[in-house]
1. Over 5 Å intervals from 0, what percent of Cα-Cα pairs in the stretch 100-247 sits in each interval?
2. At a probe radius of 1.4 Å, what is the per-residue accessible area of Asp182, in Å² to the nearest 10?
3. Provide the per-residue ³J(HN,Hα) series for the stretch 56-63, in order, calculated from phi with Karplus coefficients 6.51, -1.76, 1.60 and θ = phi - 60°, each as a whole number of Hz, with x at glycine and proline positions.
4. Loop only by DSSP, 15 or fewer other Cβ within 10 Å of the Cβ. Give me the chymotrypsin sites (Phe, Trp or Tyr not before Pro) in the stretch 47-112 that pass, ordered by residue number.
5. If you take the beta carbon distance between Arg263 and Ser238 as r and set R0 to 45 Å, what does 1/(1 + (r/R0)^6) give as a FRET efficiency, to the nearest 0.05?
6. Need the full-extension length gain, Ser225 to Asp197, defined as separation in residues times 0.36 nm minus the C-alpha distance. One decimal, nm.
7. Find which of Leu58, Tyr187, Leu72 sits farthest along the positive direction of the dipole of the stretch 38-192, computed with +1 on the beta-carbon of Lys and Arg, -1 on that of Asp and Glu, about the Cα centre.
8. Assuming R0 = 51 Å, what is the FRET efficiency of Leu210 and Asp110, from their Cβ-Cβ distance, to the nearest 0.05?
Amino acid sequence: MATAYGPDTRDPQRSGSGPEDHPSVKHVVPAVLRAPFEARTWREFGYLLLSLPISVVLFGLAVTLTSASAGLLITFVGIPLLAGTLAMCRGFGAMERVRARGLLRLRVADPAPVRGRTGGPMSWVGAVLKSGASWRHLLYALLHFPWAVFAFTVSLTFWAYGWAALTYPLWQWVFPAYAGIDGIQLYGDATHDVYLDSPFELAVTSAFGLILVLVTPWIIRGLTSVDRVMVYGLLGPSRLASRVSELESDRGVVVDTAAADLRR
């Protein structure tokens, strides 16, 4: 997954068979200058912000229910409770695939549905527990939480500090007007204080903010690349299931072709 903004700044959309190709789009403004204002940057930034509350809820439910299930495995109650926990994680996984499709333009095929052999409740419980996709969804719930905290903190910090420093000359007047100081304080002790209040210091602060604003989209891009890998690898069908589906599709094409030849 490339992490650079090129001439084509639209996201590669993934399906079960891989990324799709898009025609390149020519731009007059360099990518580094237009990246902070592109819809893609704001979509990915919104994805990182939403990941934190969603991952907190998912992680809390997954850990609590899995722990309770493990403690009750000596009784009959623990087995269906564990199956219900895995089913809950699959439901969150479906929501995450929709969110990745809308904000990251990442298309991931749904894993194979869980079907019991007999159609009864216990058959469904056994099918859920034997499904590798169900356990990958639980693994996603456990791994995504610490990553979501890190990505949320890094992206919001760079975004907030960048735009605040860039626009500092526009709102520096707030400090002497309402706070009784000359500006942002860099240093202070019993003998002297250092504030950002001179025209030169305002210009340097704004230039530093501009650098952060230009760098932030690339940082967000790198952070969401990890999310793409996690969603694609843990919430989609396994490689074996995808290969079996391709073989079945190819076999269907061969059978249809042979039937058409026989009819002719």
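The values are calculated or read from the model by the stated rules, or taken from the named source; none is laboratory data. Here the structure is a predicted model, which means the values were calculated and not measured. Ideal geometry is used to build each Cβ from the backbone, glycine not excepted, and the neighbour counts take in all protein chains shown. These area figures cover heavy atoms from the full protein model, side chains too; ligands, DNA and RNA do not enter into them. Shrake-Rupley method; radii C 1.70, N 1.55, O 1.52, S 1.80 Å.
1. Spelled out per bin, shortest first, that is 2, 8, 11, 12, 11, 9, 8, 7, 7, 6, 5, 4, 4, 3, 2, 0, 0.
2. Around 80 Å² of this residue is reachable by solvent.
3. 4, 5, 5, 5, x, 5, 5, 5
4. On the way: sites: Tyr47, Phe59, Phe76, Phe92; in loops: Phe76.
Taking the stretch 47-112 and a limit of 15 other Cβ atoms within 10 Å, the loop chymotrypsin sites (Phe, Trp or Tyr not before Pro) found are Phe76.
5. Values: r = 37 Å, r/R0 = 0.83.
Computed FRET efficiency for Arg263 and Ser238: 0.75.
6. Details: separation 28, 0.36 × 28 = 10.08 nm, distance 3.95 nm.
Taking 0.36 nm per residue and subtracting the Cα distance, the gain is 6.1 nm.
7. Farthest along the dipole direction, towards plus: Leu72.
8. Numbers: r = 43 Å, r/R0 = 0.85.
Once the sixth-power term is evaluated, E becomes 0.75.
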